[in-house]
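J.: Quick one: the structure is below, questions incoming.
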Amino acid sequence: MDAFSKIAEHIKHDTHVAILTGAGISAESGIPTFRDKDGIWTKMDPNQLASFDVFLRDPVLVSHWYQHRRKVAEEHKPNAGHLALAELEKFCKSVTVVTQNIDRYHQKAGSKNVIELHGNIEENYCIRCKKFQEIPELKDNDVPKCKYCGDLVRPNVVWFGEMLPQDAIRKASETARNCDVFFSVGTSTVVFPAAQFPLDAKNSGAVLIEINPEETMLTPYCHYSVREKSSVALTQLLEILKKKIEK
Ligand code: OAD
C-alpha cells in the first residue's frame, strides 16, 4: 500500500481532522513563501518591514508593502490544495484549518472552519480607536488614516514582537489536542506557537502527517512524511477517499 492509501485509512466518517498550513500551500497560487530560495524573508529583513516600531517610523514604506501584498493576493487565487482541503469536509466528521497565512485562500476555497493565527491582509484597523475600516488605494506617499479619529490605520496582521490573537491560540490548541489526524502542510514549522500544535496533537494520540517537498524540523516526529507539493498530495488523497466511498 502506498503512503496516500495508508493515510486515507485513517480518515473515516467519524474522524476529526486538523490541518496546520503555512506559506507553502499558497506557493502554487503564486504567493511567495518566507524562507525558501525566493522567499520574502530570504530577500528582505523582517525587522525592516514587519514590526509596529517600523510602521510608526516609516508608515509609507510599510503601508505600501502591505498594499502590494494585498494586490498580489487579490490577483491570484486558491489552488487545488486549498480546494482539496475544503472538499475533505465531505469525508470526515470535522475539518479545522489552522493557518499561518494571511491571504484568506482557505475561506475563498470554501473551508468552513478556519482559524487565522497571524490575522489576515484584507482587514485594517486604526492604531488608536481600533475601529476596523476599508482603506483607499494608496498613491505616492499616502498613508491610510482613520476616518473616525485621524490616526494611522494598520493591517490586521501579527507583526514581530506582537501577541497572537488569544482566541485563535486557544481554539487551535484545543483543536490540536482533540483531533484524530493532524496534517502539517507547507510550513517550515519554525515559528511558535504554531509549530507546537503538531506536537501537541501527536502527544494527545493523533496521527501526525506532513506534506512538504522538503524535510522540516517536524519530519522526525511524523508518522507519515509526504515529499510532494501540497496540490498534488492533497488531490491524490482526495481521489483515494472518493474511491473508498464508491466501494
Ligand atoms: P516558510 O517560508 O517558513 O516555509 C514554507 C514551507 O513551505 C517550506 O517548508 C517549503 O519547503 C514548503 N513548500 C514550498 N512549496 C510548497 C508546496 N508547493 N507545497 C507544500 N509545501 C511547500 O513559511 P511558513 O512556515 O508559513 O509569520 O512561515 C511561518 C511564519 O513565518 C509566517 O506565517 C510568517 C513568517 O514570519 C508572520 O509574518 C507573523
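No value in this document is a laboratory result; all are computed from the given coordinates. Everything quoted here is computed from the prediction, not taken from an experiment. Positions of Cβ are backbone-derived with ideal geometry, glycine not excepted, and every protein chain shown enters the neighbour counts.
J.: Treat every Asp and Glu Cβ in segment 77-174 as -1 and every Lys and Arg Cβ as +1, leave all other atoms uncharged, and give the resulting dipole magnitude about the Cα centre to the nearest 20 debye.
T.: Numbers: 15 positive and 14 negative charges, 50 e Å.
That gives a dipole near 240 debye.
J.: Cα-Cα over 32 Å: which of K12/K43; K93/K131; K112/K139; K71/K130; K43/K145; K71/K202? Can you show the working numbers first?
T.: On the way: K12/K43 43 Å; K93/K131 37 Å; K112/K139 35 Å; K71/K130 24 Å; K43/K145 29 Å; K71/K202 37 Å.
Violating the 32 Å Cα-Cα cut-off are K12/K43; K93/K131; K112/K139; K71/K202.
J.: Over segment 133-247, what is the relative contact order in whole percent, taking alpha-carbon pairs under 8 Å and six or more residues apart?
T.: On the way: 111 pairs, mean separation 18.5, N = 115.
Once normalised by length, the contact order is 16 percent.
J.: Hey, if you put +1 on the Cβ of every Lys and Arg and -1 on every Asp and Glu Cβ in the chain, which of H64, T175, Y105 ends up farthest toward the positive end of that dipole?
T.: T175
J.: Given a cut-off of under 8 Å on Cα pairs at least six residues apart, what relative contact order in percent is computed for the chain? List each step's numbers first, then the result.
T.: On the way: 447 pairs, mean separation 61.8, N = 247.
Result for the chain is 25 percent.
J.: Of all the stretches in the chain, which is the longest one without any exposed loop site, taking GluC sites (Glu not before Pro) in a DSSP loop (any state but H, G, I, E, B) with at most 13 other Cβ atoms within 10 Å? Please report the intermediate quantities before stating the final value.
T.: Working: sites that count: E134, E137, E162, E214, E215.
Value returned for the longest uninterrupted segment is 1-133.
J.: Now, a different point. Rounding to the nearest 10 and keeping the result within 0 to 90°, find how far the Cα-based axis of helix 166-178 lies from the longest principal axis of the chain.
T.: The angle comes out at about 10 degrees.
J.: Let me ask something else about it. Which of Y125, I209, H223 sits closest to the plus end of the dipole of the chain, meaning its Cα is farthest towards the positive end, when Lys and Arg get +1 and Asp and Glu get -1 on the C-beta?
T.: Farthest towards the positive pole: Y125.
J.: Treating only the Cβ atoms of Lys and Arg (+1) and Asp and Glu (-1) as charged, compute the dipole magnitude of the chain about its Cα centre; round to the nearest 20 debye. Before the final figure, lay out each step's value.
T.: Values: 32 positive and 33 negative charges, 93 e Å.
The calculated dipole for the chain is roughly 440 debye.
J.: Segment 39-120: which trypsin sites (Lys or Arg not before Pro) are DSSP loop and have at most 12 other beta-carbon atoms within 10 angstrom?
T.: Working: sites: K43, R57, R69, R70, K71, K90, K93, R104, K108, K112; in loops: K93, R104, K112.
In loop regions of segment 39-120 (DSSP not H, G, I, E or B), the sparsely surrounded trypsin sites (Lys or Arg not before Pro) are K112.
J.: Something else about it: Report, in debye and to the nearest 20, how large the dipole of segment 100-144 comes out about its Cα centre when Lys and Arg carry +1 and Asp and Glu carry -1 on their Cβ.
T.: Numbers: 7 positive and 8 negative charges, 54 e Å.
My answer is approximately 260 debye.
J.: Taking the chain as a Gaussian network, Cα atoms linked when under 10 Å apart, which of S188, S51, S111 shows the biggest mean-square fluctuation?
T.: Sorting by GNM fluctuation, first place goes to S51.
J.: Can you give the angle from 0 to 90° between the axis of helix 230-246 and the longest principal axis of the chain, with both taken from C-alpha atoms, to the nearest 10?
T.: Once rounded, the angle reads 40 degrees.
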